Amino acid sequence: MALEIEVTEVGDGGRRVALRGRLDSQTAPILDERLERVLPSATALLFDMAGLEYISSAGIRVLVKARKALEARGGGVAVAHLQPPVRRVIDILKAVPSIDIFADDAQMDAFIERMQRRAQP
């Protein structure tokens, strides 16, 4: 299965990135390219992984790269709605601090608000 990516704006500077399918060595470059267009105007990225069935180390690298880019500007990256196989990979690699993993939309919305406040002068 290919990777489907849907990016929507959430508040001022927040972007929700819904992923469906597989994030692997073949699809990671597609996500990376899409994020390169989104990152300059974003303060927070929320990866909604409810539809993500699989993630490889190539996919993890894309998430870490985005996190480093945003954290350098005072923003952040979070993930939510992890399917068990994806969560196991992230937990094993400790790629995303556990504080940035959310179970529901309310937690994600609160994260966006915090990132937006941090990014304001």
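The values are calculated or read from the model by the stated rules, or taken from the named source; none is laboratory data. For clarity, every value in this text was computed on a predicted model and none was experimentally measured. For neighbour counting, all protein chains shown are included, and Cβ atoms are generated from backbone atoms with ideal geometry for every residue, glycine included. Areas reflect the complete protein model, heavy atoms only, side chains present, ligands, DNA and RNA absent. Shrake-Rupley method; radii C 1.70, N 1.55, O 1.52, S 1.80 Å.
Some observations on this one:
- Across the stretch 1-21, the number of residues qualifying as part of a loop (DSSP other than H, G, I, E, B), open to solvent by 70 Å² or more (accessible area, probe 1.4 Å) and within 21 Å of residue 76 (Cα to Cα) comes to 1.
- Qualifying positions in the stretch 22-45 - without any contact (Cβ under 8 Å) to a residue 40 or more places away in the chain, buried (at least 21 other Cβ atoms within 10 Å of the Cβ) and not in a helix (DSSP H, G or I): 23, 27, 42, 45
- For first residues located in the stretch 73-95 and farther than 14 Å from residue 63 by Cα, partners that are among the aliphatic types (A, V, I, L, M) and assigned to a loop (DSSP other than H, G, I, E, B) and lie 6+ apart or on another chain with Cβ distances below 8 Å form the pairs 81/103.
- Search result, residues across the stretch 64-86 that are of a type in the set (A, V, I, L, M, F, W, C), buried (at least 17 other Cβ atoms within 10 Å of the Cβ) and not in a loop (DSSP other than H, G, I, E, B): 66, 69, 70, 77, 78, 79, 80, 86
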